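**Q** Please read through the structure below; I'll follow up with questions.
What follows is calculated from the coordinates using simple rules that are stated; it is not laboratory data. Keep in mind the model is a prediction, meaning the values are calculated, not measured. Don't worry about glycine lacking a Cβ; one is built from the backbone with ideal geometry, like all the others, and counts go over all protein chains shown.
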Amino acid sequence: MPDSVEKEIVSIIAEVSGFDEEEIKPDANFFDDLEIDSIKAIEITVAIEKKFKISVRDEDVPLITTVKHAVELVNTLLEQKAANARA
């Protein structure tokens with residue numbers, strides 16, 4: 001599952017940023033390496049929320065600065081969602 005999450009997130013980032021998927025590495029910084037501004041960061045967050053049917057809290061958005069951070073956050077939210085569904 002985590003690999004597919006990363007692939008989906010990289011695909012979303014590529015679409016919004018204009019970079020090729022191959023250029024987007026797990027530790028690539030959104031702002032420094034991928035030229036993503038705050039507007040594009042919100043676009044990416046919204047696309048991730050729609051794709052994975054999760055909700056990213058507003059205060060978590062500034063914490064997402066790399067692909068790795070985004071993957072970790074999505075995996076955490078998916079685990080919470082699954083746990084809530086079982087509860």
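**Q** So for each of 34-43, 55-64, 69-78 I average, over its residues, the number of other beta carbons within 10 Å; can you give me the resulting order with the highest mean first?
**A** Top to bottom by mean Cβ count within 10 Å: 69-78, 34-43, 55-64.
**Q** Sticking with this one: Provide the FRET efficiency to the nearest 0.05 for the residue 11-residue 86 pair, computing r from the beta carbons and using R0 = 25 Å.
**A** 0.30
**Q** Also, quick follow-up: Along Cα→Cβ, 7 Å out, is where each label goes; now give me the distance between the ones at residue 22 and residue 61 in nm to one decimal.
**A** 3.4
**Q** Mind pulling the angle between the C-alpha long axis of helix 2-17 and the longest principal axis of the chain? Nearest 10 degrees, somewhere in 0 to 90.
**A** Value to nearest ten degrees: 40.
**Q** I want to check the label-to-label distance for residue 29 and residue 42. Put each point 7 Å from Cα in the C-beta direction and report it in nm to one decimal.
**A** 2.3
**Q** Another one. I need the phi-derived Karplus couplings for segment 62-67: 6.51 cos²θ - 1.76 cosθ + 1.60, θ = phi - 60°, integer Hz, Gly and Pro marked x.
**A** In residue order, the calculated couplings are x, 7, 8, 10, 9, 4 Hz.
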